[in-house]
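All remarks here apply to the structure that follows.
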């Protein structure tokens, strides 16, 4: 540089960085607000997607059938029948052993029906579903204790189960076996 050149005459070196430029000039471009600093491009949003469990669709349709035939979940029908779903599917908590400490048993059937002091348990499986080892162990324990248990794959089997056990229902639907 020439030393005789006045400092005020020197031209600044300009590097074109759009995000930084908006900070310097005070201009805001696009939809993002300008907060006095350069904003980095945001990463694409991460979306949690629930796993697809084939039994969930079956459980939903069975629940609908039970609402029509008996009563809403947790409500006692006029014949004294109450039912609800049990959902402990793959819930282990944050610390191993927490489930066991709270008395939660792996392999519990999906539905519980109570009528005249008798317990009825129903395990739902998709057409190609396979029972886990804990499920295979719980059903014999239920039967040994005097309860009743069944494994079903369709709503028609559910209705046939209710009829076979003599559980009163409204007969709005008939099994198509």
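The values are calculated or read from the model by the stated rules, or taken from the named source; none is laboratory data. Everything numeric in this text was worked out from a predicted model, so none of it was measured. Every residue, glycine as well, gets a Cβ built from its backbone with ideal geometry; the counts of neighbours run over all protein chains shown.
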Q) So which residues in the stretch 135-162 are loosely packed, with under 13 Cβ neighbours inside 10 Å and either modelled with pLDDT under 90 or under 21 Å from residue 81 (Cβ atoms) (or both), if there are any at all? A) 143, 145, 146
Q: Go through (1) more than 25 Å from the chain's Cα centre (by Cα); (2) assigned to a helix (DSSP H, G or I) one by one and return the number of the condition residue 139 breaks.
A: (1)
